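K.L.:
To start, I am sharing the structure in question, which I have written as structure tokens.
The values are calculated or read from the model by the stated rules, or taken from the named source; none is laboratory data. Everything numeric in this text was worked out from a predicted model, so none of it was measured. Ideal geometry is used to build each Cβ from the backbone, glycine not excepted, and the neighbour counts take in all protein chains shown.
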Ligand SMILES: Cc1cc2nc3c(=O)[nH]c(=O)nc-3n(C[C@H](O)[C@H](O)[C@H](O)COP(=O)(O)O)c2cc1C
């Protein structure tokens, strides 16, 4: 490690200073390269030239890549997660340029690598001045770009926790602390820490009707292209008071509630028959948002279930008919046989089986949660009143 960052380097508790220090080291190597250009015609690949070529090779073969990885894998993604408004726009324009620079600098380095290797082992003394100049110019412009925008942005936006996170990632990349025992998976999980700060949620921002508020957030989730925006967790409780949960896809939401489709003999359906209260949870991590919904569950009408069933692709309809959801079966082959048997007889417009249809949760309580800095999140909860109206209040994080 000390080969890349001498003892005088700032500590990893100041990761941005470390990155700037790396730029200092790069500038020194670039100056050595330029000196080598004028040295070689006069002295050939003498001891001094061989050493200089070796030092430049060593630096750009390893340390420079670590530095690029710091930016690509940590600094830029972390900035993307916190930058807003003008910063976000600057970053959106800048990040692709930085990544492109890295690629092109790597390509330029490949051109130099072979010549420097030959100089370092004393077998040749040719160094292309055009390649050196291109490499030096590209790196210099690149570093200036980073120093004038990304570094100050990180200094302004990162919390102390985020600085620690960045410094730790950079340290790990350099294998620092390799002698220390590897952290257990438990410690690694405990160390996973992401600070939120994309947006806020105020009493004045939210709509009076939580279903409209949900619609607004859902549309924003669609627009942000979050992964499976309609996937929600459904928690049910059995007749012994024991909870269980699973993901399903919400297929409809409106003033009547939230609807999903499933098998009426499944575990969740049995639990809902014993206890018709359930809790739904949407987590849109890309937007640092969750929505918690609680209420009583009813079945959808046969007409509604038919309509949705017939809108599904044929193979999904056949699967729904063939699967006794939640019941054990000996193996996959048996499952496939059941499907084939259904497919052979059902035709291309099979009727919806009686044991398949929709559930609708009629909400009594809906909470909107927006992640904020340092775990000081925003929570606004709506509760249905006896007269059918909604009352809302803020909850502590
Ligand atoms: C992304 C995703 C979407 C799912 N969507 C549904 C669904 O809409 N309906 C459903 O019955 N199961 C769905 N499942 C499967 C359920 O999670 C679960 O395995 C199944 O409903 C059986 O649950 P149960 O035994 O508790 O009744 C989905 C699973 C995932 C991961």
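K.L.:
Please pick out the residue among 235, 320 that is without any contact (Cβ under 8 Å) to a residue 60 or more places away in the chain, within 16 Å of the ligand (Cβ to nearest atom) and within 29 Å of residue 388 (Cα to Cα).
P.N.:
235 is the lone residue from the list that is without any contact (Cβ under 8 Å) to a residue 60 or more places away in the chain, within 16 Å of the ligand (Cβ to nearest atom) and within 29 Å of residue 388 (Cα to Cα).
K.L.:
Show me the strands (runs of 3 or more DSSP E) found entirely inside the stretch 217-333 where at least 3 residues are touching a strand residue (DSSP E or B) at 6+ places or on another chain (Cβ under 7 Å) and within 30 Å of residue 83 (Cα to Cα).
P.N.:
It comes to 231-237, 277-284, 289-299.
K.L.:
Give all pairs with beta carbons closer than 6 Å in which a residue from the stretch 192-207 that is farther than 24 Å from residue 89 by Cα meets a residue that is at pLDDT 80 or above; count only pairs at least 6 apart in sequence or on separate chains.
P.N.:
From residues that are farther than 24 Å from residue 89 by Cα, the pairs are 206/213; 206/380; 207/213.
K.L.:
A follow-up question, please. Would the stretch 173-192 turn up any residue that is surrounded by 15 or more Cβ atoms within 10 Å (Cβ to Cβ) and either under 23 Å from residue 21 (Cα atoms) or within 16 Å of the ligand (Cβ to nearest atom) (or both)?
P.N.:
The answer is yes, given that some residue of the stretch 173-192 is surrounded by 15 or more Cβ atoms within 10 Å (Cβ to Cβ) and either under 23 Å from residue 21 (Cα atoms) or within 16 Å of the ligand (Cβ to nearest atom) (or both).
Each row is one residue, and each column tells you yes or no for (1) under 27 Å from the mean Cα position of the chain (by Cα); (2) more than 9 Å from the ligand (Cβ to nearest atom); (3) in contact (Cβ under 8 Å) with a residue 60 or more places away in the chain.
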| residue | (1), (2), (3) |
| --- | --- |
| 239 | no, yes, no |
| 245 | yes, no, no |
| 259 | no, yes, yes |
| 272 | no, yes, yes |
| 276 | no, yes, no |
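K.L.:
List every residue pair whose Cβ atoms sit under 7 Å apart, with the two residues 6 or more apart in sequence or on different chains, where the first one lies in the stretch 349-363 and is more than 30 Å from residue 384 (Cβ to Cβ) and the second, anywhere, is assigned to a strand (DSSP E or B).
P.N.:
Close Cβ pairs (under 7 Å, with a partner that is assigned to a strand (DSSP E or B)) amount to 355/263.
K.L.:
Would you be able to say whether some residue in the stretch 200-207 is buried (at least 18 other Cβ atoms within 10 Å of the Cβ) and either modelled with pLDDT of 95 or more or closer than 30 Å to residue 81 by Cα (or both)?
P.N.:
Looking for residues that are buried (at least 18 other Cβ atoms within 10 Å of the Cβ) and either modelled with pLDDT of 95 or more or closer than 30 Å to residue 81 by Cα (or both), one finds at least one in the stretch 200-207, hence yes.
K.L.:
For residue 367, only one of the following conditions fails: (1) modelled with pLDDT under 95; (2) surrounded by 11 or more Cβ atoms within 10 Å (Cβ to Cβ). What is its number?
P.N.:
Just one mismatch for residue 367, condition (1).
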